[in-house]
1. Does the stretch 28-37 hold any residues that are among the hydrophobic types (A, V, I, L, M, F, W, C) and in a loop (DSSP other than H, G, I, E, B), and which are they?
2. Which of the residues spanning the stretch 39-52 are in a loop (DSSP other than H, G, I, E, B) and either crowded, with 24+ Cβ neighbours inside 10 Å or free of Cβ contacts under 8 Å to residues at least 40 places away in the same chain (or both)?
3. If you scan the stretch 293-314, which residues turn out to be under 15 Å from THR193 (Cα atoms), surrounded by fewer than 19 Cβ atoms within 10 Å (Cβ to Cβ) and not β-branched (Val, Ile, Thr)?
4. State all residues of the stretch 347-399 that are in contact with an Asp or Glu (Cβ under 6 Å, 6 or more places away or on another chain) and either charged (D, E, K, R) or assigned to a strand (DSSP E or B) (or both); if no residue qualifies, say none.
5. I want to confirm something. Restricting to the stretch 65-88 and keeping residues that are loosely packed, with under 14 Cβ neighbours inside 10 Å and among the acidic types (Asp, Glu), which single residue is farthest from TYR393 (Cα to Cα)?
6. Please work out which one of (1) over 15 Å from LEU144 (Cα atoms); (2) not assigned by TED's automatic domain parsing to the domain that holds ASP115 is the condition PRO362 fails and give its number.
7. Looking at the stretch 342-388, which of the residues that are over 21 Å from ASN111 (Cβ atoms) and among the small types (Gly, Ala, Ser) is surrounded by the most Cβ atoms within 10 Å (Cβ to Cβ)?
8. Take the residues of the stretch 1-27 that are of a type in the set (Gly, Ala, Ser) and assigned to a loop (DSSP other than H, G, I, E, B): which is surrounded by the most Cβ atoms within 10 Å (Cβ to Cβ)?
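The values are calculated or read from the model by the stated rules, or taken from the named source; none is laboratory data. Quick caveat, the model's predicted, so the values are computed rather than measured. Every residue, glycine as well, gets a Cβ built from its backbone with ideal geometry; the counts of neighbours run over all protein chains shown.
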Amino acid sequence: MNIAVAQSGGPTCAINSSLTGIVKEARQNNIEKIYGVKNGIDGVMNERFCDLGALLSTEEKMKLLRETPSTALGSCRIKLEEVSFHPALYQTIFANLEKRGIGAFFYIGGNDSMDTVKKLHDYSVQSGSGIKFIGVPKTIDNDLPETDHTPGFGSAAKYLATTVKEIICDSNVYNLCSVTIIEIMGRDAGWLTASTSILRAHCGGAPHLVYLPEKPFRIEKFLNDITRLHKTKKAVIVAVSEGLKNENGEYIAAAHQSGKCDVFGHKYLSGLGKFLEHQVEVSIGCKVRSVELNVCQRCAAHIASVTDLDEAENIAAAAVRASLSGKSGVMMTIRRVSNTPYKVEYNSVDVKLCANRERRFPSEWINGDSNNILAEANDYFLPLIQGEVNIRYENGIPLHFNIYDEDWTF
């Protein structure tokens, strides 16, 4: 049979490792043709297919793709309607797959992408098509259920720890009271923000305060926490998740945001750091600055975790093997076997358990004051950021694989 693979949702610096994993495993199992699809499910609808196997014709290209951030095939954020509302759409998708002899479709993505996998699998069963649909997880948010962690998270955590450590160095140079607020991605789950706590294994107590969306946030307590710390520390470093909410479940900076949502109903969040900066400036009056890391967290391939890239490749290879064993309608998962030595296994679960669901940061790893992360979390985080990639450079700039430079067009 032939297979097809597409990428969806936000980019990471490990998602292309999953592409290489699928291509390598498919070749080992004599898959005839490996199609890549531009811009996720939108590309299937509009027949933007390419011969991915031909494009990755050498080991050198495969290695370069693995080290390249973002989604080489492009991405999309499309919520498929239920088949009962738009049967013709599903008929088009399946016709475009079937006429290319595609027997298995792999979708690399997060929570919302798993919703697409579920709907396509259900239609395949209902229609008797026989095409298999398998979800390959990725998200820097690390909020997919049923898996120990998600590819993309380890590299993002490594970038955050490094960047926050450098911010700490910058903030400590002056002999005056200051506050630095670092706004980190995390709409409803605080995994990324919490991961900055791994710095305590290297450089003491900073960040001194960590606030996650898993716990209600109160401005008064936040200001009191800073004031208390200023009695013993001049430079206070604070890490906050962009999705902090109050006791009523309202986003803290909602009044300063657009209120607009994406197609999946997720609100666009930004400006929390600036909002908190203003609160500190007015109430405490010390030197204060906020840093919004924004999209830099997603694709910092220059400081990727080798563990992360390896697992992204391995879980995709496991997805190909799962399809060949007859599985469909599943998401691949990582099960942690041990921390010392660090060891994982690759399994799968019914995609229904993952689609449109989120896994929050564990409450037992948050301190009683809801303003910091307990040391036990480091046993979880540290194995995921290990290993450095030997990045290749050209004229002083990292070299990337650009699929659009190859001799083909969609």
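1. ILE31 - this is the single residue of the stretch 28-37 that is among the hydrophobic types (A, V, I, L, M, F, W, C) and in a loop (DSSP other than H, G, I, E, B).
2. Matches in the stretch 39-52: ASN39, ASN46.
3. Correct list: ASN294, CYS296.
4. VAL349, GLU358, ARG359, ARG360 - these are the residues of the stretch 347-399 that are in contact with an Asp or Glu (Cβ under 6 Å, 6 or more places away or on another chain) and either charged (D, E, K, R) or assigned to a strand (DSSP E or B) (or both).
5. GLU82
6. (1)
7. So the residue we want is ALA377.
8. Ranking the qualifying residues of the stretch 1-27, first place goes to ALA14.
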